[in-house]
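The values are calculated or read from the model by the stated rules, or taken from the named source; none is laboratory data. Here the structure is a predicted model, which is why all the values come from computation and not from measurement. All Cβ positions, glycine included, derive from the backbone under ideal geometry; neighbour counts span all protein chains shown.
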Amino acid sequence: MPIPTQPSTARATRASDVVRAARREPVSRTPVWFMRQAGRSLPEYRRVREGVPMLESCMRPDLVTEITLQPVRRHGVDAAIFFSDIVVPLKAVGIDLDIVPGVGPVVADPIRSVRDLDRLPELTPDHVPYVTEAVRMLVDELGATPLIGFAGAPFTLASYLVEGGPSKNHVKTKALMHGDPQLWAALCERLAQISGEYLRVQAEAGASVVQLFDSWVGALSRADYVEHVQRHSTAALAAVADLDVPRIHFGVGTGELLDLMGAAGAEVVGVDYRVSLTDATRRLGPEFAVQGNLDPALLFAPWPALERRVREIVEEGRRAPGHIFNLGHGVLPEVDADVLTRVTELVHEVSAR
Ligand code: CP3
């Protein structure tokens, strides 16, 4: 008889500080991890990635496992984030795209018409067997340390698909949203299915927490977010609502949207460095934990200035209903990896109960 997969609550990660903070339960110390902790800031990452294109590395369970574990070993962070990219599920369903070094995701034929939607079929677990395999391997290796699964949110994915690549002003995306709201809605419905299913694949294979990245949604007003985006992010997050896996919802420049992002169905709202955790908590109310929010640029400041800021954030976080320490956005590739280790140690030391 095969042993049934255990629900995540039954596993050792249920008692981890990351899961407990996400659930607004008492923690032994403030948990910490860093967005983009697995990446170019680590010499061991640069070594294993040598000669292997980004997307290929995401499809090789041996590499995904090694890269995901690297920052956990080196920094002693409280969670691993699955090494992949938000465009991997789009590539998996057949979109012709590449991740260009120093640029980001580039889409060969951008989506601009109803007919283009034919290129976006539903995602099924069979599209991403290498994800299921890598998550299983990782969960075995990680033991009591939680693995965070993730996906891109419909707006941020749509922005890459409509623009054809990274964009500063999201001009074509906004023109489509306002000029053809029906096509926009149809596109986002498909992306919500893909996002939601991608989260579900990771959670079912053993991820203990998931994060929905809506990195670029801070470009929108509240009104546009409510009318054109929120329900699609709600649908993506709802795909794992029955799995007892806390959900983190993150975006950059989203201070004006925090309450709406929480209401989309997350337990934790990610806060960037432009809004203090105290203000974020005031905007969100007592039902949400917060994650963040050290300015990634401060990792380049002299230690006394960095230390002061880390201590302030930990202090603010202690007054929040729950707090997971992180950066306000991802680790920059040029950062000195030893500084990340030192920040991890400091957070643990000053927050020990
Ligand atoms: O450590 C981790 O956070 C896990 C891995 C991860 C990557 N991408 C690996 C990656 C995660 C969570 C992502 C998500 C992602 N990808 C987002 C959302 C997070 C955010 O930063 O807001 C976005 C917007 C993308 C799209 C994307 N992919 C960009 C903008 C880039 C950078 C391009 C560059 O070269 O500067 C990528 C490529 C990418 N994804 C890299 C990594 C480690 C760099 C590629 C390399 O190492 O060669």
Per the list (1) in contact with a strand residue (DSSP E or B) (Cβ under 7 Å, 6 or more places away or on another chain); (2) within 16 Å of Ala236 (Cα to Cα), residue check on Thr145 breaks on (2)
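Kindly indicate whether any position in segment 242-252 is over 16 Å from the mean Cα position of the chain (by Cα) and at positive phi.
yes
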Specify which of the listed residues (Ala205, Ala175, Ala144) is surrounded by fewer than 16 Cβ atoms within 10 Å (Cβ to Cβ), touching a residue at least 40 places away in the same chain (Cβ under 8 Å), more than 16 Å from the ligand (Cβ to nearest atom) and not β-branched (Val, Ile, Thr).
Ala144
Residues of segment 58-109 being polar (S, T, N, Q) and away from the ligand (no atom under 12 Å from the Cβ), in sequence order, are Thr65
When you go through (1) at pLDDT 95 or above; (2) within 16 Å of the ligand (Cβ to nearest atom) one by one for Ala21, which number turns out not to apply?
(2)
Note: among Leu220, Leu199, just one is in contact with a strand residue (DSSP E or B) (Cβ under 6 Å, 6 or more places away or on another chain) and within 16 Å of the ligand (Cβ to nearest atom), namely Leu199
Somewhere in segment 228-249, is a residue among the acidic types (Asp, Glu) and within 15 Å of the ligand (Cβ to nearest atom)?
no
Counting only residues that are over 27 Å from Ile81 (Cα atoms) and outside any helix (DSSP H, G or I), which one in segment 141-197 is farthest from the chain's Cα centre (by Cα)?
Asp180
